[in-house]
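Take a look at the structure below.
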Amino acid sequence: MTLHIFNPEHDTALVSKSPFNRYPRPLLDFANDLAAMPLWWAEQGDAIAVPNERAAREWASALPFDMPHVEFVEWSQLKTLYFNKIDPWGWDRGLRKKLQYYGVNIGVDLENIKRLSSRQFAVSALQQIRQQAAVSAPTLECIGDSTFCTSMEQVRAAIASTPCAVLKAPWSGSGKGLRWTECGMNAELEQWCMRILNAQKGIAVEPRLDKTADFALEYTCSDGIASYLGLSVFQNIDGGIYAGNLICRDETVKLKRIGLGKTALEQLVELHKELLDQQVAPYYSGPLGIDCMVCGTAIQPFVEMNLRRTAGMLALGIEERMRFAAEASAIDFEKVYCSHLEYFENPVALESHYGTLQAEYGSDMILLAPLKTSTHYFHYMIPEKT
């Protein structure tokens, strides 16, 4: 039996050297509200850790098509169960300590996970991908530069040469740890840089590109080899915060949507796999996603790497479930869907929004996680309007 855990605080936990972290209330709400979400990729007989077993069961039973039978277990029950595998959203010291508290001990190479998750690795990976593309895929136009700075002097020099830039902390998640500048350094940005350098010992500085689309390529590493899982097309809102994914039956729809050719995709996958086989798979087993950008006719081939499960993998899991349901005539998967993740400070406002969407879309709206009276994060998908 595999135990699945949704721990979105993972990206924040990577920054800390201590397993004892106090997370912001919205992040804890995120973990609780979407705890049952691994149902979209779990297999028959697996278990999922949730804060409310009853709410998770009711949500799963109300889904419009068959799902694998899993056990929803509350954390207090873990001491009474045996698992031959733990599959979290991501591994970090905080999760390992929490599992130990509940009687589950497991050894994981956390140092390599933190090292490879750093944007410092992405800086060198981007350079290598571009160099290799020039040799093995000359028709693939790869762009993008990134400089990793370890002092304020280096940061100032990088911004002076690229006034219109994006600055990135080595570890952060969902748009956190990013700053933009269009007119060089200012006092507020300098204070932010000093805090990040003090806490994380570095900052990546990159020129801002004329992006036309975001996408990610999803992989898994096992036995020292990386395998391609699929293409994720997603949307960010202001600040780089994740907002949702395109969900459709055919990958060619996604390619057309972002203006990427099939040959370019295949070339990029091979470039990624070569790098992953050499520098990641020998040190890590599990899922990962590489974010990229389309910039007109060019590609930024390695924006960053998430060494964990990703929202793109969730979308691929949903697509797989829907294909099976479509074969059984339980759902119409000729439509193109979009997932949406929205935060409501007031659950009453969420309930009102849910009612409005339900009236408009009816059974075409599918809840991707349980909806309770205390829910703050509303995760659902609806068909695209044509």
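The values are calculated or read from the model by the stated rules, or taken from the named source; none is laboratory data. What you are looking at is a predicted structure, and each value in this text was computed from that prediction instead of being measured. A quick note on method: Cβ atoms are made from the backbone with ideal geometry, for glycine too, and the neighbour counts reach across all protein chains shown. These area figures cover heavy atoms from the full protein model, side chains too; ligands, DNA and RNA do not enter into them. Shrake-Rupley method; radii C 1.70, N 1.55, O 1.52, S 1.80 Å.
Brief remarks follow.
- No other residue among Ala330, Ala325 is more than 25 Å from Thr212 (Cα to Cα) and touching a Pro at 6+ places or on another chain (Cβ under 7 Å) apart from Ala330.
- Considering the range 1-116, the qualifying helices (runs of 4 or more DSSP H), each wholly inside and each with 3 or more residues that are surrounded by fewer than 17 Cβ atoms within 10 Å (Cβ to Cβ), run over 25-33, 53-62, 93-101.
- Enumeration of residues in the range 274-290 that are closer than 18 Å to Gln132 by Cα, in contact with a strand residue (DSSP E or B) (Cβ under 6 Å, 6 or more places away or on another chain) and open to solvent by 10 Å² or more (accessible area, probe 1.4 Å): Asp277
- Of the residues screened, Ser232 is one that is touching a residue at least 60 places away in the same chain (Cβ under 8 Å) and either surrounded by fewer than 17 Cβ atoms within 10 Å (Cβ to Cβ) or assigned to a strand (DSSP E or B) (or both).
- Selected residue (criterion: farthest from Gln267 (Cα to Cα)) from residues of the range 292-320 that are in contact with a Gly (Cβ under 6 Å, 6 or more places away or on another chain) and in a strand (DSSP E or B): Asn306
- Hits in the range 311-338 (condition: hydroxyl-bearing (Ser, Thr, Tyr) and open to solvent by 10 Å² or more (accessible area, probe 1.4 Å)): Ser329
- Within the range 128-166, the residues that satisfy the criterion of being in contact (Cβ under 8 Å) with a residue 24 or more places away in the chain and over 27 Å from the mean Cα position of the chain (by Cα) are Ser136, Ala137, Thr139, Ser151, Met152, Val155, Arg156, Ala158, Ile159, Ala160, Thr162.
- Residue in the range 299-310 that is hydrophobic (A, V, I, L, M, F, W, C) and open to solvent by 30 Å² or more (accessible area, probe 1.4 Å) present: no
- Condition check for Ala264: more than 20 Å from the chain's Cα centre (by Cα), more than 25 Å from Phe148 (Cβ to Cβ), among the small types (Gly, Ala, Ser) and surrounded by 14 or more Cβ atoms within 10 Å (Cβ to Cβ): yes
- Residue selected from the range 122-155 under the condition assigned to a strand (DSSP E or B) and over 17 Å from Thr263 (Cβ atoms), by the criterion least open to solvent (accessible area, probe 1.4 Å): Cys149
- Of all residues making up the range 185-210, the number that are exposed (fewer than 12 other Cβ atoms within 10 Å of the Cβ) and under 22 Å from the mean Cα position of the chain (by Cα): 0
- The listed residue being among the hydroxyl-bearing types (Ser, Thr, Tyr) and in contact with a Leu (Cβ under 6 Å, 6 or more places away or on another chain), out of Tyr219, Tyr242: Tyr219
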